[in-house]
Structure formats: structure tokens, C-alpha cells
Amino acid sequence: MAKKSLNLAGVIPPMPTPFDSKGALAPDQLSSNVKVWNEFGLRGMLVLGSNGEFVMMSADEKIRAVEAVKASIAPGKLLLAGTGCNTTEETIAVSKRAQAAGADALLVLHPHYYKSLMTDEALRGFFFKVADAVDVPVLVYNMPGCTGMDLSAKLLIELASHENIIGWKDSGSNIVKMEAVVKAKGDDFQLLIGSASLLLPALSIGAVGGIMALANIAPAECIKLIELFGSGNVAVARELQLNMTPVNNAVTATYAMPGLKHVMDQLGLYGGPCREPILPLGEKEAAQLDALIRDAGILPFRTTAKA
């Protein structure tokens, strides 16, 4: 069977999931955010990624979120949905429901609680069974910071042999490993980098784009960096990379989802609270983050959105 084809090249924000003051899913606010992001030249949007607090949500809530995005996303933009769960059976069930709700592709995080048992053989079986069970393409999600596991180049190359596994999001920092996989599989297994801090280095080794937290609050800058690299203007791309890296680090490693949602609120999107037990950003941290955003020149969306 021929390998399925879906062009993933470009910028895809991993959307935070909006919750109201009582902690309930807020699909109307999610739709409102999507309509703002529609105005940028994004390749698509990811619902239920790590920034989407997907592990804090029930299966029914996940599907409601997919449905809200599907109803609001602009034609021509891809809708990706994160569907990884703790068992193969549950992952397949959620994946099928996300497909039925309109997802164009699935981003699948692997089980990781029993790390010593998650051998390459076990994970190969997991991903192959999920990919066999659905009709839309599957992307492998490598997220060492949350799983405590960094998928090996050997396993990724093996997974790329499946006709329905078309790429992977790598949120690790092992560029040497990524390079080995890209060299072995090329366009057959598209790499999307998971951190805007590594966007330019990843593009230089063959990544086609990124699924990056920064794209939620600075989509134009992420898109511009890829355009600069593609046109050969690497020097200016480097300047933009260096300017954006501190902001990206702030809304990922330093302040994580509370920081990202705070910035969204400041820029005219709906961020809102995270689900407990995640605590909101403190006043001191919020002020530091606000200053960093101003220094980076990131403006409210009403002044930066473009077709």
C-alpha cells in the first residue's frame, strides 16, 4: 500500500484549551480564538496537545473541543487532534472519535507511565495498531519533558515505514537524533519541531515546520522566520530567532501554560485559567512576562492580524 500523503509544512499552534472560572470547558471561547488565528497564514491548528491540557480532560470533553475547532477553522487549514492515551484500546477509541469529529490528522503521544516496559517493540506495536485502526494520517509525538522518554532514532525510523504514519512532532532537543531520522527517511516522514527555540536549527536539518507554543501568541513571527529561511535570508532569520527565543522559553519552560494563557489574555485572545491543581501565574511573574512581551515587540492581535 502506498504511503498516505499530507503536506504538513508550515506553522501549527498547539492551542491552549479554554476553561471558564469554574473549570468547565469553554468551547465558545475556543471557537473565538480559532477565528483570530484563521487570519494568519498558518498551516493548521492542533487541539489537545500538551499546551491544551489534554491529560486533564475527559474523552467527551476532548471530542467537544475537536468539534468546536472543526466548526470554526478556515477552509484549507489542517485540523490536528492529540489522541494519545494510556492504553492502545483507549487511544484507538479516542482516535476514531476525533476522526469522526473532523480531524485531518492525529498526533499520538505514547503510553509512558510504566517506562521500563515501554520498549521499542511495545511502542512499535502501539503505534502500528493505532495507525491501522484509523483512516486519517498519524503523527508520532515525542515529548521527553512530559513522558520522561526520548524516542530513539531507530524506533522513529521503524515507525516511518508504516503507510499511515507520515511524520512526527519532536519536542526534545536532540538535533543529532532528528538529523539521523531525516537523513534516513527524508520527505517520507515529515519533522515538525516542537519548540520555537529550535525552529531555525530544525529547519536547517530538514524540518518542514513546527507545532510550537509561541505560534499561539506570535504566529506572524513564526511564519516570517520560515519564510526568511526558505528565501535564503538566514542572517535575518537568525536575528528573529534570537529575539523570539526568550519569549518562547518564558511561555514554555519558565511559566508554561499559566504564562501562555496570561499572555493570550493580554493580547486579546481568551486564555483563562488552567485546570486545577495547576496554579495561576503570580503577580510578580505576570509583570515580568508582560515586560518580556513588550520588549520583544509582540503586539495585540487587532494590530497584527493579516490575511
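The values are calculated or read from the model by the stated rules, or taken from the named source; none is laboratory data. Treat the numbers as computed from the prediction; the structure is a model and nothing was measured. Glycine also receives a Cβ, built like all others from the backbone with ideal geometry; neighbour counts cover every protein chain displayed. Side chains are part of the model used for accessible areas, which takes the heavy atoms of the whole protein and leaves out ligands, DNA and RNA. Shrake-Rupley method; radii C 1.70, N 1.55, O 1.52, S 1.80 Å.
Summary of values
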{"quantity": "Relative contact order (percent, whole number), the chain, Cα cutoff 8 Å, 6+ residue spacing", "calculated": "20"}
{"quantity": "Heavy-atom accessible area ranking, 1.4 Å probe, most first, across TYR270, TYR114, TYR141, TYR255", "calculated": "TYR114, TYR270, TYR255, TYR141"}
{"quantity": "The range 6-135: relative contact order as a whole-number percent, Cα under 8 Å and 6+ apart", "calculated": "22"}
{"quantity": "Per-residue HN-Hα couplings for the range 182-194 [Karplus 6.51, -1.76, 1.60; θ = phi - 60°; Hz; x = Gly/Pro]", "calculated": "4, 4, 6, 10, x, 5, 5, 9, 6, 9, 10, 6, x"}
{"quantity": "Percent accessible area from carbon and sulfur atoms, the range 43-106, protein chains only, probe 1.4 Å", "calculated": "50"}
{"quantity": "Correct choice for percent of Cα pairs over 38 Å apart that was computed from the model, options [x] 7; [y] 33; [z] 28", "calculated": "[x]"}
{"quantity": "Size of electric dipole in the chain: Cβ of Lys, Arg +1 and of Asp, Glu -1, about Cα centre, debye, nearest 20", "calculated": "320"}
{"quantity": "Listed residue (LEU198, ALA81, GLY209) projecting farthest to the positive dipole end of the chain, Cβ model", "calculated": "GLY209"}
{"quantity": "Normalised contact order of the range 154-223, rounded percent, pairs of Cα under 8 Å and 6 or more residues apart", "calculated": "28"}
{"quantity": "Cα-derived Rg over Rh, computed across the range 96-168 with Rh taken as Kirkwood radius", "calculated": "0.96"}
{"quantity": "Cα gyration tensor shape of the range 133-242, rounded if a/c is under 1.5, else prolate or oblate by comparing a/b with b/c", "calculated": "prolate"}
{"quantity": "For the range 258-271, Karplus couplings with θ = phi - 60° (6.51, -1.76, 1.60), whole Hz, Gly/Pro x", "calculated": "x, x, 4, 5, 4, 5, 4, 4, 5, 9, x, 8, 9, x"}
{"quantity": "For the range 61-171, accessible area per residue (1.4 Å probe, heavy atoms of protein chains only), Å²", "calculated": "39"}
{"quantity": "By average C-beta atoms within 10 angstrom, highest first, the peptides 209-220, 283-294", "calculated": "209-220, 283-294"}
{"quantity": "Table column - 3J(HN,Hα) (Hz), the range 118-126, Karplus curve with 6.51, -1.76, 1.60, x for Gly and Pro", "calculated": "8, 6, 4, 5, 5, 6, 4, x, 4"}
{"quantity": "Restraint check, LYS35/LYS177; LYS115/LYS169; LYS3/LYS70, Cα-Cα greater than 31 Å", "calculated": "LYS35/LYS177"}
{"quantity": "Ranked by how many other beta carbons lie within 10 Å on average, peptides 68-75, 57-64 from highest", "calculated": "68-75, 57-64"}
